[in-house]
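The values are calculated or read from the model by the stated rules, or taken from the named source; none is laboratory data. Just so it is clear, the model here is predicted, and its values are computed rather than measured. Neighbour counts are summed over all protein chains in view; Cβ atoms, including those assigned to glycine, are modelled from backbone coordinates with ideal geometry.
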Amino acid sequence: MSQAPTIRPVDPVAFVIFGASGDLTKRKLIPALYNLACSNLLPQGFAVMGFSLIEMTDESFRSQMLEWVKNSGEVIKFDQKIWDDFALRLHYIIADFEKPEGYQRLKERLTQLDDRFGCGGNRLFYCATPPSFYGTIATALGENGLTDMAETKAWNRIIIEKPFGINLQSAIDLNTTIHKKFKEEQIYRIDHYLGKETVQNIMAFRFANSIIEPIWNRRYIDHVQITAAESLGVEHRGKYYEEAGCLRDMFQNHLLQLMALIAMDPPVHYDGRSVRDRKADVLRAIVPIDPEKLGEVAVRGQYGPGEIDGANVVGYRQEDGVAPNSYTETFVALKLMVDNWRWADVPFYLRSGKRMPSRMAEISIQFKRVPHMFFNMTNHDQIEPNVLTIRIQPDEGISLKVGAKVPGPEMHIQQVKMEFSYGESFGSHPATAYETLLLDAMLGDPTLFNRSDAVEHSWEVLAPVLGTWEATRSFTHFPNYDAGTWGPAAADALLEKDGRAWRNG
Ligand code: BG6
């Protein structure tokens, strides 16, 4: 493949997907790699090796992937010529993650791919399997000589999907296991939110503009809200979700990462070490939640039947793969405080849920009221404070609510919006999160991936919530919100008692 002139050249590489017959491979990984091929961003020496127990040949793997790529909402335009070259590079072996024999065959086939496609001995391993296999795969790669690079200049890296552990101890154990075969700088813990353009832009917005940073602190900011709402239910993932629940599925990774990006201090450089150091500082500074007072800062919910976009939908307990008396939470709201110089006394309210009225992920920074209001023709209570809203998705953009004089003879103040929209400013289709992250992993840039300490800090923050909720499962009154609403009443009460309210888009 011819490579476009990029600032950073991509080394040749063989991309190995464990779990190649699974959902993630079809829906995200192969479409993202194909998009990279279309943008001329894959290296000349490139090949994919799928690894899974489901019976498939190279040919049937290719034709299955073709269907997914053609129908993927993430592929802008299908180009047969590019596909033909790309498809030739797709390969597959039927093998068991737990048996050494498969890894031996993998090793042989990778050597063949090096000869045929010039992958240079470089390996990028992707664990797109159920989480219980992550440690097994990392260990087996090491034990079967797939990580021995000492005598060559070749590199290998491993990408680990979320969830990374199911609690603090299991995350520590998994880190220990993987570290036995891979150094920290070879490990790429993926969180697809960090690859979203709008999420990457948080740092640009904060640190590439001199007017933002001076007001980004407790002196001017009243509170921060972070919402990741979905109108979808659990779809075909009932079995996984039953064990995960919203707190593990969305908070341990995506929401705490968004919070870290909003709250972090400026890094010295834009690189893996500096950025991740500053984010880890935030996670470390989150005030530990007191399990005795959990009710004051945390709300859990589960959706019952309801209506979304005019259509009736079933409740969580009626979904496939879900127990009829399930206590798994599909909604969480948390109030977190950050104990540092910049954020003391500024609450961060985080919430996420399934089957809410619309898909909407956004961050609202609500500023303090002006100290003295002298426009006596307008009722002062009607003059809202400034709110800066970062819309992660959909309708990606940033808006700022400001007070303005209504045209006319009198001094009436009204809120108006200043608006930046990605669509209008940049027009073109941005890369999908997986494209960005896969390319970064090939480039060896870990900036947008989670480091071991951040993962562990995040579990530490949530440990009191997980523990207390687990112990009190049967006291919950589930379902406690109708599908198509903004969650349980207790989530509104969480802010109301602080004299605040959720912003519902
Ligand atoms: C995933 C969760 O990590 O993120 C899903 O496992 C969730 O449950 C998804 O639906 C949301 O991602 P996005 O990009 O659609 O906001």
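The residues of segment 459-484 that are surrounded by 19 or more Cβ atoms within 10 Å (Cβ to Cβ) and in a loop (DSSP other than H, G, I, E, B), listed by number, are 478, 479, 480, 483, 484. Restricted to helices (runs of 4 or more DSSP H) entirely inside segment 226-323, those with at least 1 residues that are out of contact with any helix residue (DSSP H, G or I) (no Cβ under 8 Å at 6 or more places or on another chain) and more than 11 Å from the ligand (Cβ to nearest atom) are 238-246, 272-285, 294-297.
In segment 340-362, the residues that are in a loop (DSSP other than H, G, I, E, B) reach residues that are acidic (Asp, Glu) and more than 12 Å from the ligand (Cβ to nearest atom) with C-beta atoms within less than 8 angstrom, at least six apart or across chains, in these pairs: 340/281; 342/265; 346/222; 347/498. Residue 210 passes every criterion in (1) in a loop (DSSP other than H, G, I, E, B); (2) within 16 Å of the ligand (Cβ to nearest atom); (3) among the polar types (S, T, N, Q) apart from (2).
The set of residues in segment 353-390 that are touching a helix residue (DSSP H, G or I) at 6+ places or on another chain (Cβ under 8 Å), within 16 Å of the ligand (Cβ to nearest atom) and farther than 15 Å from residue 224 by Cβ comprises 353, 354, 355.
A count restricted to segment 422-451 and to residues that are part of a loop (DSSP other than H, G, I, E, B), within 22 Å of residue 256 (Cα to Cα) and not acidic (Asp, Glu) stands at 6. Any idea which of (1) at pLDDT 95 or above; (2) on the phi > 0 side of the Ramachandran plot; (3) of a type outside the set (Ser, Thr, Tyr) is the one residue 449 doesn't satisfy? For residue 449, the failing item is (2).
Can you find, within segment 422-440, the residue that is nearest to residue 8 (Cα to Cα) among those that are within 16 Å of the ligand (Cβ to nearest atom) and among the aromatic types (Phe, Trp, Tyr)? Can you show your working first?
Let us first name the residues in segment 422-440 that are within 16 Å of the ligand (Cβ to nearest atom), namely 422, 429-438.
Among the residues that remain, those that are also among the aromatic types (Phe, Trp, Tyr) are: 422, 434.
Working: 422: 25, 434: 18 Å.
Among them, the one singled out is 434.
Filter segment 353-392 for residues that are at pLDDT below 90 and either hydroxyl-bearing (Ser, Thr, Tyr) or within 16 Å of the chain's Cα centre (by Cα) (or both) and give the result. Within segment 353-392, just 378 meets the criteria.
Contact annotation: no residue pair with Cβ atoms under 6 Å, 6 or more positions apart or on different chains, pairs a residue in segment 384-405 that is within 13 Å of residue 368 (Cα to Cα) with a partner that is within 16 Å of the ligand (Cβ to nearest atom).
Looking only at residues of segment 463-496 that are among the charged types (D, E, K, R) and in contact (Cβ under 8 Å) with a residue 24 or more places away in the chain, we find that the one that is nearest to residue 168 (Cα to Cα) is 473.
Show the residue pairs that are 6+ apart or on different chains and have beta-carbon atoms under 6 Å apart, the first residue being within segment 225-239 and modelled with pLDDT under 95, the second being among the small types (Gly, Ala, Ser) and more than 10 Å from the ligand (Cβ to nearest atom). The qualifying pairs are 238/321; 239/321. Under the condition of being of a type outside the set (Asp, Glu) and either in contact with a strand residue (DSSP E or B) (Cβ under 8 Å, 6 or more places away or on another chain) or under 22 Å from residue 130 (Cα atoms) (or both), the residues counted in segment 81-103 number 12. Return yes when residue 222 is touching a residue at least 24 places away in the same chain (Cβ under 8 Å), touching an Asp or Glu at 6+ places or on another chain (Cβ under 7 Å) and more than 12 Å from the ligand (Cβ to nearest atom) and no when it is not. Here the answer is no, as residue 222 does not meet what is asked. Of the residues in segment 413-421, at least one is more than 22 Å from residue 396 (Cα to Cα) and either more than 16 Å from the ligand (Cβ to nearest atom) or not in a strand (DSSP E or B) (or both). Across segment 409-420, a minimum of one residue is classified as touching a Ser or Thr at 6+ places or on another chain (Cβ under 8 Å) and basic (Lys, Arg).
Within segment 30-43, none of the residues are aliphatic (A, V, I, L, M), under 26 Å from residue 134 (Cα atoms) and touching a Cys at 6+ places or on another chain (Cβ under 7 Å).
For segment 336-374, a residue qualifies if it is acidic (Asp, Glu) and surrounded by 19 or more Cβ atoms within 10 Å (Cβ to Cβ), and exactly one does: 362.
Summed over segment 167-211, residues that are of a type in the set (Lys, Arg), under 19 Å from the mean Cα position of the chain (by Cα) and farther than 26 Å from residue 435 by Cβ total 0. Of all residue pairs spaced 6 or more apart or on separate chains, those with beta-carbon atoms under 6 Å, a first member in segment 180-203 that is without any contact (Cβ under 8 Å) to a residue 60 or more places away in the chain and a second member that is away from the ligand (no atom under 15 Å from the Cβ) and assigned to a loop (DSSP other than H, G, I, E, B) are 181/147. Going through (1) exposed (fewer than 13 other Cβ atoms within 10 Å of the Cβ); (2) closer than 23 Å to residue 26 by Cβ one by one, residue 75 falls short only on (1). For residue 187, the conditions (1) within 16 Å of the ligand (Cβ to nearest atom); (2) within 19 Å of residue 128 (Cβ to Cβ); (3) among the hydrophobic types (A, V, I, L, M, F, W, C) are fulfilled apart from (1).
With respect to the stated conditions, residue 437 is aliphatic (A, V, I, L, M), under 24 Å from the mean Cα position of the chain (by Cα), surrounded by 13 or more Cβ atoms within 10 Å (Cβ to Cβ) and modelled with pLDDT of 95 or more.
Can you tell me how many residues in segment 162-184 are charged (D, E, K, R) and either crowded, with 21+ Cβ neighbours inside 10 Å or farther than 14 Å from residue 134 by Cα (or both)? Even if it seems obvious, please write down each step before you answer.
Start the filter on segment 162-184 by keeping residues that are charged (D, E, K, R), which leaves 162, 173, 180-181, 183-184.
Still in the running and either crowded, with 21+ Cβ neighbours inside 10 Å or farther than 14 Å from residue 134 by Cα (or both): 183-184.
Residues that pass the stated criteria total 2.
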